[in-house]
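Written out below as structure tokens is the structure these notes cover.
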Amino acid sequence: RWKNWWVRGILTLAMITFFFIIIYLGPMVLMTIVMCVQIKCFHEIITIGYNVYHSYDLPWFRTLSWYFLLCVNYFFYGETVTDYFFTLVQREEPLRILSKYHRFISFALYLTGFCMFVLSLVKKHYRLQFYMFGWTHVTLLIVVTQSHLIIHNLFEGMIWFIVPISCVICNDIMAYMFGFFFGRTPLIKLSPKKTWEGFIGGFFATVLFGLLLSYVMSGYRCFTCPVEFNNDTNSFTVDCEPSELFQLQEYNIPVVLQSVVGWKTVRMYPFQIHSIALSTFASLIGPFGGFFASGFKRAFKIKDFANTIPGHGGIMDRFDCQYLMATFVNVYIASFIRGPNPSKLIQQFLTLRPDQQLHIFNTLKAHLVDKGMLGRLEDA
């Protein structure tokens, strides 16, 4: 028991150190790592399918699985390039053409794979081939779509990438520690080693960790500013004037708690309040990603997705909760944080024909005049 504890502990510290190194190397390296993790997770799940259904002899199916992965990545990364590198895309003629017809090209590529699948159907293996076709598409939905959301979170600011991931890591470690030393009551049958003591201890530890980490990171522009592409230097920049989320504000402490803490007000960053929501999800709902993975492994009678990391299993064993967390963060940002981006609207406006630009200008001017924000002008 203690040997496994030491193995897991040393490798966890090594992975955390590696995590800090790639954060230091910047957003491009982070995106590359996300892509590598995505490919490895896809490989682990697809390999399980091959082993379970004994499908190594199916014609073209290994090739088709990777081809569909390529198609889906082309679609998602093409959307990202068009969205975040708009000026660069418009500046280069080949990129402008690819951007304009991106979705048609993506659909054509997918249709090619679809036709290849139909042509590869073999009379005695119809059911098995359709099993694997569905297996591949569900894997793409789980792995590729959610890894794409991780990159979108990253572009909103490194803090939206680091804090959620760190909260999941903290919850995983603290739940294991509390469960190891104090665990007595089983939590769920899918994971017999999980205990209520670990679950509750991990929750409080993660919320506290999220508050402290958010406080430290909110003071640095390199973490709080959106990741944007600088067309002059052809590189990413993370320099901006911090938004209200990352400016210290004074909050009144509820009267009930004033006698306990001895303070009437507290100064904190608004982002810290959002971090409570993030860490709560990481602690209470995030583990269900792990439970889901445990159920999946039990269904196919395997211990781990792979044996890539000694004591931890495969890469997917470490990222089962992270993908669920990434989806929540993306939905949370879209629902409560993100607003229209003026710079992107202006970029798109400048690509319109002159008559379209004039029409929008006149419509906007009339709207502002009606609102009283502009003085009424004489008709031209």
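Exposure check, 1.4 Å probe, all protein chains in place: Tyr220 carries approximately 120 Å² of accessible surface.
Applying 1/(1 + (r/R0)^6) with r as the Cβ-Cβ distance of Thr363 and Asp83 and R0 = 25 angstrom yields a FRET efficiency of 0.55. Here's the picture: charge each Lys and Arg Cβ at +1 and each Asp and Glu Cβ at -1 in the chain, and of Val216, Met268, Phe181 the one pushed furthest to the positive end of that dipole is Phe181. Here the range 243-355 has 64 percent of its accessible surface on carbon and sulfur atoms, given a 1.4 Å probe and all protein chains in place.
Note on surface exposure: Ile169, Ile10, Ile273 rank Ile10, Ile273, Ile169 by accessible area, highest first, 1.4 Å probe.
FRET efficiency for the pair Leu121 and Val52, taken as 1/(1 + (r/R0)^6) with r the Cβ-Cβ distance and R0 = 22 Å, rounds to 0.65. Along the axis of the charge dipole computed for the chain (Cβ charges of +1 for Lys and Arg, -1 for Asp and Glu, origin at the Cα centre), the listed residues Ser147, Met373, Gly286 are led at the positive end by Gly286.
For the options Thr280, Thr47, Thr351, a Gaussian network treatment of the chain with springs between C-alpha atoms closer than 10 Å singles out Thr351 as fluctuating the most.
Just tell me the longest site-free run in the chain, where the sites are GluC sites (Glu not before Pro) in a DSSP loop having at most 16 other beta-carbon atoms within 10 Å. Longest gap between qualifying sites, sites excluded: 93-377.
Surface analysis of the chain yields an accessible area of 59 Å² per residue, using protein heavy atoms and a 1.4 Å probe. Taken over the chain, the alpha-carbon convex hull comes to 201 cubic angstrom per residue. Solvent exposure of Phe246, expressed as accessible area, is near 20 Å², computed with a probe of 1.4 Å over the protein chains only. Neighbours of Phe155 by Cβ distance under 10 Å: Lys/Arg scored +1, Asp/Glu scored -1, total -3. Basic side chains Lys and Arg get +1 at the Cβ, acidic Asp and Glu get -1 at the Cβ, and with that the dipole of the chain about its Cα centre reaches some 1620 debye.
The values are calculated or read from the model by the stated rules, or taken from the named source; none is laboratory data. In this text the structure is predicted, and so the values were computed from the model without any measurement. Heads up, the Cβs are rebuilt from the backbone with ideal geometry, glycines too, and the neighbour counts pull from every protein chain shown. Each accessible area value is taken on the protein alone, full model and side chains, heavy atoms only, with ligands, DNA and RNA left out. Shrake-Rupley method; radii C 1.70, N 1.55, O 1.52, S 1.80 Å.
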